Structure formats: structure tokens, C-alpha cells
Amino acid sequence: MSSNRPRVKIIDACKNFGRIEAVKNANITVVKGEVVLVIGPSGSGKSTLLRCVNRLEKLTSGEIWIDEDCLTAYHADIRRIREEVGMVFQSFNLFPHLSALGNVTVGPRIVKKTPQNEAEEVGRALLDRVGLGDKYNSYPDQLSGGQQQRVAIARALAMNPKVMLFDEPTSALDPEMIKEVLDVMLGLAKDGMTMLVVSHEMGFAKAAAHKVVFMDNGEVIETAPPEVLFTNPQSERTQTFLDHIL
Amino acid sequence: MAEVDRSSPRKTRIEISDGALIPERDERAIFSSWRISFFGAIALLILLPVISPEPYRRIITFLPDGILMTFIVTILSIVFALIVGLFTGLGRISRIKIINRIATVYVEVVRGIPLLVQLFYIYYAMGRIVQVPRLVAAVTAMTFCYGAYLGEIFRAGIQSIPKGQMEAALAIGMSRGQAMSRIILPQTIRVVLPPVGNEFIALLKDSSLVSILAVADLLRRGREFASKTFYYFETYTVVALVYLVITLFFSKLVSMMEERLNRREQQ
């Protein structure tokens, strides 16, 4: 970790859908270069909270800061902040009418107005980096789930984000494809990318996470380094959850 | 009228139940219903003037101007209706309330008034302000009517694209407009192509209504000829056969297009 400046700061975040409180007073800080994993039972609000960090959902109350930018401010430049926050979805959400390279270059070309050949050069390098150097011109429906998710990671990286969000990136994948996606994520973590990951991949947590956050029922129950949280959880609810999944 | 199959995101297709007769994709018989009607009609159009040159030969030389006019009305109307339809479809899903309301009211009004009445109304309503050529009134009315239908197709098409597409586009920093034009609409076009083809055929048939405004289309030319010569039965036989050949030709084209789209999806 190069410094202790918080890159993502979630302060007293609350999100209601009608009368349902999906997230209650959540506080999470991700320091630059840190990998934070959020775990918890389904419906615990972890995905909702993650979606608030690039404002696909709006917080009901509370604040989210990306470096010096307050995402929840009334005048926040959402589009500029979103450029700096990469997002990887559970269901990949690749653009089916564009090739792998097209998916990776469309953001820089449309949003950043990068010239096409420059965007393609960067795009090819990113696809090489996620191990898809031979799939530049393949369309999403010609790729396996694992390959699609790696293109999706490359697409997010193409915007050169300060932080990457992963919303259950491996839970839609067949078991034999999970590793190839996790390997890419491990590589990113090793290169110092700041990452906020919703996932239950314990192997990834142990190998790469600096901090694990346990959420239940919309609340952050416990935050600790993985070796502490997994072996010696402070809360009973954490213990019960871990018993179920380990 | 338009139904969206949301069961799987990749094979989204819009089914249209009314409108033109589209050949069944799996009908592979040599004597398919399409072939019987299409080649039967062509054979009749060739045979009738041979067997009975008077009056059929005269009728057939009299009609081509009308066919041309029918195509002019149809093509102008579909082009304008596509533009109106795109904006109506976008308006129908707009999050700005007033735009949404305007688009929805427009669709409701158009759907509730018979096209024939709309034709009269627009012709005479326009006539009170400025005297416009009949062709302009006809195309305006057809555009007004079909713009609403096509708007519903565009709306269904846009809504058939999974929500994750818009989210993924927003997540890389695109504006809603950029996401719509670069990500959503290109995918929508593939989905709406077959139903738009159907509407084109329906419009082509409905264009015969403009003959009541004395636009010299195929039907109008037929009427002129018949009222001069009193060959009513013979003239309208030819008129019907010509319409049939044209619509069957285009419905085959639409079904081939649909088949190609499906095949590409299955790859």
C-alpha cells in the first residue's frame, strides 16, 4: 500500500426501496491500493451498496467519496466520477453488437473521445492482459462465460479507473471458469489496483483481500483482515454465516 | 399488438399477431401457400391479356402510373413514419413526464381513429389553413397514423433490451443519450426489423385508402379506367392481383430477413 489516503469512503450510507431498508448506516473505507471484500447472505444489501458507489442507485442518506469528489453531492459530476470507477457485473453485460475489442474501446472512444487507433492499441493491450489476445474480433455470444467476464474487466479497465467494483463477478460462471476470472483479479490486485469486491470466493479473499467486510440485513456487522475474520470472528452472526459457507 | 418475448435476453423477438400474411418459416413444400398465391397471381396477370386481350391488355397498360404512385406514397410515408415512430418510442419511455404524456396521448388518439377518418380529417383540416397538394395530405395522414404504430414497436424493441446494457453503458461514463444511441438503439434495430417490415406491408395495403383523396394511386387509376369503360369486374380483378403480387413479394422478403436474423442468432 503506497499511502493511507482513503480512495473510497462510504459514510453512514442508507438506502431504502420504499419501506424496505436495504442498507443501514454502512461505513466502509477503502484505502488506495487496498482490496476490500464484502461478504454476507443474499439480500444483505451488499450489491445495493456497491451499486451506490457509482450511483447506479442513489443513496437515501449518507455520503460516498471517491478521493476528493463527493458522489452524493447535489452538484456532483456523476459522469466524470463514473469514468474513474470501473464496474464489473455478475451477468457481464457485454454489448452483444460489438466485438471484444469494440466493447473495450467504445468507452474511451465515446466518452473520452480517444482517437480510434489509439483506443484500439490500448484495447488490444488490455485484452492481452486478461489473456484474450486471440479473441479481439470475437463477439460476446462466441465467448464462454469466463471469457466474457474477462472482456468485461478489460472494458472497465479501459477507462483507466481509480477503483474497480466487482459485483459477484464469478457467481454466474461454471466452476471451471471461475479460476480464469479470479486469476485476472489477482493480477489486478497485485498491480496495486484499488478494489471493492462483493464475492464469496474465500480463496480470493485469503490470497488478495486486505480487509473483509461482513454485511447482514443491510448493516455492516464486522470489518477485519481475512485471517482474523475467518478464524476469529467477533460477532455471532458472522460465525453463523461462515459456518454455512465454509 | 406487439408482444415481447423476455424469456431469454439473447433471443428476444417481437411477435406481431395481426397485419400482413407472413410465410411460415418452416413451410418448405413445393406447393406452399405462398407459392400458390404468388405464382398463381403472376400466371393470371400474364394469361388474362393473352386469352382475352380486350379489355385486359388495355387495363394493364393503364395501371403502371398508379403502381408508381402507390410506391411513392408508401415509401415517403414509411420514411417519415420511421422518424416519427423513433421519437414517439423514445417519448413513450422518456422519464420526463410531459414528453411521456404527449407521446402516449398521440398513440392513444391515433389508435382510436380509423385511418380513413384520419385521412379525411387531415386533408380537410389542413385545407382550412393552407391548400396543400393531395399527395402531401395523404403522406401526412399516413405518417401520422403509422408513426404511432411504429412508435409502439420501437418502444417494445427498446424495452426488450436487458436493463444491464444501459447500466453497463452508464458505468463506463456514458450519458443516457450516448448509451441510447450507441448501445441500446443499435441492438433495438435488429429486434424491430421484422415487425417494421410487417408494418411496411400493412402501410402499402392501406395506401389504397389515399385514392379517396383523388391521389392517382393503383386503386384510383383502376377506378378511373373502370368508370370510363364500365369494365368494373375485369379492372378490379387486375388491381387486386397486382396488390397481391406486390404484398406477397414483400412478405417473402420480410420472412427471409427474419430467417437470416434468427440464423445469425443461433450461431
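Data for the structure
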item	result
Complete set of residues in the stretch A:93-105 that are away from every other protein chain (no Cβ under 12 Å) and of a type in the set (S, T, N, Q)	A:S99
Residue in the stretch A:58-72 that is under 18 Å from the mean Cα position of the chain (by Cα), outside any helix (DSSP H, G or I), more than 13 Å from chain B (Cβ to nearest Cβ) and among the acidic types (D, E) present	yes
Answer residue from the stretch B:74-106, given it is at pLDDT below 95 and of a type in the set (A, V, I, L, M, F, W, C) and is farthest from B:A240 (Cα to Cα) among those	B:I96
Test result for A:G86, within 12 Å of chain B (Cβ to nearest Cβ), in a strand (DSSP E or B) and closer than 27 Å to A:G33 by Cα	yes
A:L186 surrounded by fewer than 18 Cβ atoms within 10 Å (Cβ to Cβ) and among the aliphatic types (A, V, I, L, M)	yes
One residue from A:L132, A:L98, A:L127 being part of a loop (DSSP other than H, G, I, E, B), touching a residue at least 12 places away in the same chain (Cβ under 8 Å) and surrounded by 22 or more Cβ atoms within 10 Å (Cβ to Cβ)	A:L132
Verdict on B:V107 being farther than 30 Å from B:F62 by Cα, part of a helix (DSSP H, G or I) and either β-branched (V, I, T) or within 14 Å of chain A (Cβ to nearest Cβ) (or both)	yes
Filter pass, A:V53 being crowded, with 22+ Cβ neighbours inside 10 Å and either over 23 Å from A:H200 (Cβ atoms) or out of contact with any helix residue (DSSP H, G or I) (no Cβ under 7 Å at 6 or more places or on another chain) (or both)	yes
Failed criterion for A:G86 (all others in (1) under 24 Å from A:W65 (Cβ atoms); (2) free of Cβ contacts under 8 Å to residues at least 60 places away in the same chain; (3) among the small types (G, A, S) hold)	(2)
Inter-residue pairs, beta-carbon under 8 Å, first farther than 16 Å from A:G131 by Cβ and in the stretch A:168-182, second surrounded by 14 or more Cβ atoms within 10 Å (Cβ to Cβ) and aromatic (F, W, Y), 6+ apart	A:A172/A:F92
Condition met for A:R150 (in contact (Cβ under 8 Å) with a residue 40 or more places away in the chain and crowded, with 16+ Cβ neighbours inside 10 Å)	no
Hits in the stretch A:106-124 (condition: more than 11 Å from chain B (Cβ to nearest Cβ) and buried (at least 21 other Cβ atoms within 10 Å of the Cβ))	A:A119, A:G123
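Residue-wise test of (1) under 30 Å from A:K206 (Cα atoms); (2) aromatic (F, W, Y); (3) modelled with pLDDT of 95 or more.
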position	(1), (2), (3)
A:K32	yes, no, no
A:V35	yes, no, yes
A:G45	yes, no, no
A:E63	yes, no, no
A:E83	yes, no, no
A:V106	no, no, yes
A:R109	no, no, yes
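The values are calculated or read from the model by the stated rules, or taken from the named source; none is laboratory data. Fair warning: this is a prediction, and the values are worked out from it, not measured in the lab. Ideal geometry is used to build each Cβ from the backbone, glycine not excepted, and the neighbour counts take in all protein chains shown.
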